[in-house]
Amino acid sequence: MHDHNDTTINTELQSVSLYILGEPASKANSRRVVRFNNMSRLIKSAKALSYSEVFKQQCKPLAVLMTGDLKITMTIYYASRRPDLDESLILDLMQGLIYENDRQVKERHTYWGLDKENPRAEIIIDQLEKKEPRTKRGSNTQPKERKSN
């Protein structure tokens, strides 16, 4: 197991990088229907459950969860060309470990990669800078009077 995870938090602007081994399941394809007491239920597929365990073993929770709006840049390296690019399971798994809720993610850059020998996800999470609301030009000034000829 690699120890590439950077869990240091800069108090000015938070940033974390993660290196997670394994190939994530596509969230869209990660559910299966099972029947319990004549009722159908959707549960995670075996691949999604397995990846969830692998992810949680490698992604240790931060002492202080990231706050505010976040930007995520990730490259997912798959073992074959077959899987669709889908980061949604990873975003869900980081809830409660890296940030409180994946609704904090306001910007995403996700890239597909191929590495047959070493499927993995390389993830960088950055806190977005707080932007002051823009005001209209001249909104604090009175309209200028026109001179008539």
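The values are calculated or read from the model by the stated rules, or taken from the named source; none is laboratory data. Just so it is clear, the structure is predicted and the values come from calculations on it, not from any experiment. Because the Cβ atoms are built from the backbone with ideal geometry, glycine has one as well, and the counts that use them run over all protein chains shown.
Hey, any hits in the range 115-127 for a residue that's surrounded by fewer than 13 Cβ atoms within 10 Å (Cβ to Cβ), touching a Leu at 6+ places or on another chain (Cβ under 9 Å) and modelled with pLDDT of 95 or more? Yes, the conditions are met somewhere in the range 115-127. Can you tell which of 79, 46 is more than 18 Å from residue 18 (Cα to Cα) and surrounded by 14 or more Cβ atoms within 10 Å (Cβ to Cβ)? Every option except 79 fails the conditions. Might you check whether a residue that is touching an Asp or Glu at 6+ places or on another chain (Cβ under 9 Å), farther than 22 Å from residue 127 by Cα and at pLDDT 95 or above occurs anywhere in the range 30-47? Within the range 30-47, none of the residues are touching an Asp or Glu at 6+ places or on another chain (Cβ under 9 Å), farther than 22 Å from residue 127 by Cα and at pLDDT 95 or above. Every condition in (1) among the basic types (Lys, Arg); (2) at pLDDT below 90; (3) surrounded by 13 or more Cβ atoms within 10 Å (Cβ to Cβ) holds for residue 71 except the one numbered (2).
How many residues does the range 89-107 contain that are assigned to a strand (DSSP E or B) and under 20 Å from residue 48 (Cβ atoms)? Walk me through it before giving the result.
In the first step, residues of the range 89-107 are kept if they are assigned to a strand (DSSP E or B); the result is 95, 99, 105-107.
Imposing the further condition that a residue be under 20 Å from residue 48 (Cβ atoms) reduces the set to 95, 105.
Selection size over the range 89-107: 2.
For the range 84-101, name all the residues that are among the charged types (D, E, K, R) and surrounded by fewer than 18 Cβ atoms within 10 Å (Cβ to Cβ).
We begin by selecting, within the range 84-101, every residue among the charged types (D, E, K, R); these are 84, 86-87, 92, 100.
Correct list: 84, 92, 100.
Of all residues in the range 83-100, those that are more than 15 Å from residue 17 (Cα to Cα) have Cβ atoms under 8 Å from Cβ atoms of residues that are in a loop (DSSP other than H, G, I, E, B) and of a type in the set (Asp, Glu), 6 or more apart or on another chain, in 83/23.
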